[in-house]
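I have placed the structure first, in the form of structure tokens, so that the comments after it can refer back to it.
The values are calculated or read from the model by the stated rules, or taken from the named source; none is laboratory data. Here the structure is a predicted model, which means the values were calculated and not measured. Here the Cβ positions follow ideal geometry from the backbone for every residue, glycine too, while neighbour counts run over all protein chains shown.
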């Protein structure tokens, strides 16, 4: 029979139990996988990002399907960005083709510009295209503001990222791997967009010439995106990802922002 000196005092037993529980919790925490980039709600430029909306994979898929059908309608033009090189292995129908110019008018109508069509080649219509995709998929205007310029809806998304239930929230290029349903954005023309440590404010986007595509596919280190007014058509662009799945900015597409689709 053990001596009394070998049996812990009741107070010591309590301390031992507390220590054991603490050790178990530590081991569980150490064994738990770290969240992948973009999974945690996180913050944007020091401001907390709001609670995610209820999942709606059907709505997300509707966006992808609308964009894909328009790409098919424009005869599946493909643009490949690889390093500093850009190629078009398959040329599709163009905005001013007599068989397709009126289709561009459908996109313009989504942003209240019914007088424009594909023959107005000097009018960039990529934002009108994305606006039409969102509108036709059933995205409410409270979540995506149709506009003739990308900066309008982008600045709203950045400004409202802390609100609960926002479908789209900003993510930094350097720590987020884009997924189908997201928007990837780059400056257009000679107007640079200069994030600070990867972050950008709504004010910095005011009047900025930008371009955004919708992510429709992802495989390994390849990302597929669809956008309007890309080489005069609705094109699917093939982009490179790094080993961590992050988007590689290239000279012709210096990506500066991803809008995560949280549906």
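Below, the figures for the structure above:
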read-out: Residue count, the range 237-263 (criterion: in contact with a strand residue (DSSP E or B) (Cβ under 7 Å, 6 or more places away or on another chain) and without any contact (Cβ under 8 Å) to a residue 60 or more places away in the chain); value: 1
read-out: Members of the range 216-258 found to be more than 28 Å from residue 120 (Cα to Cα) and surrounded by fewer than 17 Cβ atoms within 10 Å (Cβ to Cβ), listed by number; value: 217, 219, 220, 221, 222, 240, 242, 243, 244, 248, 249
read-out: Meets criteria (over 17 Å from residue 256 (Cα atoms) and modelled with pLDDT of 95 or more) for residue 216; value: yes
read-out: Condition check for residue 225: closer than 30 Å to residue 96 by Cα, without any contact (Cβ under 8 Å) to a residue 60 or more places away in the chain and either in contact with a helix residue (DSSP H, G or I) (Cβ under 6 Å, 6 or more places away or on another chain) or not in a loop (DSSP other than H, G, I, E, B) (or both); value: yes
read-out: Qualifying helices (runs of 4 or more DSSP H) (wholly inside the range 81-195; at least 1 residues being closer than 21 Å to residue 224 by Cα and in contact with a helix residue (DSSP H, G or I) (Cβ under 7 Å, 6 or more places away or on another chain)); value: 126-137, 150-159
read-out: Subset of the range 187-215 (residues that are closer than 28 Å to residue 68 by Cβ, surrounded by fewer than 20 Cβ atoms within 10 Å (Cβ to Cβ) and under 16 Å from the mean Cα position of the chain (by Cα)); value: 187
read-out: Condition broken by residue 68, with the remaining ones in (1) in a helix (DSSP H, G or I); (2) at pLDDT below 95 satisfied; value: (2)
